[in-house]
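Since every read-out is calculated from the coordinates, none of them should be taken as a lab result. The model shown is predicted, which means the values in this text are computed figures rather than measured ones. Cβ placement follows ideal geometry from the backbone for every residue including glycine, while neighbour counts extend to all protein chains displayed.
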Amino acid sequence: MKAGGGYVRAYDPIANESMKSIFPDLNFFTSWEDACKDADGVAIMTEWNEFRGISLPLLKSLLKSPVILDARNIFRIESLKENNFTFDNVGRSSIK
């Protein structure tokens, strides 16, 4: 548990190993599905193709609640709304 009361479940298809030495207290997983399972929400911080191909219905089914921070703007706002996600993004309006 982190000082603020939360757990971080991390996954990066390229940087997992190097990030373990920088952030040894995080829980690292070998797939985005495992990292998201039973999480309260998800933050997308990189734009690897693996993340661009995420099925929003599958992601929603893995999360405790459909909450997402899309820091790389890889998901269409319309798709997030269609799948009833509570979301935020960086640099673009969520109103469309």
Item checked: Complete set of residues in the range 27-36 that are assigned to a loop (DSSP other than H, G, I, E, B) and surrounded by fewer than 15 Cβ atoms within 10 Å (Cβ to Cβ) -> THR30, SER31
Notebook entry, point to check: Hey, among the residues in the range 37-51 that are assigned to a loop (DSSP other than H, G, I, E, B) and among the aliphatic types (A, V, I, L, M), which one's farthest from PHE75 (Cα to Cα)?
Noted result: ALA39
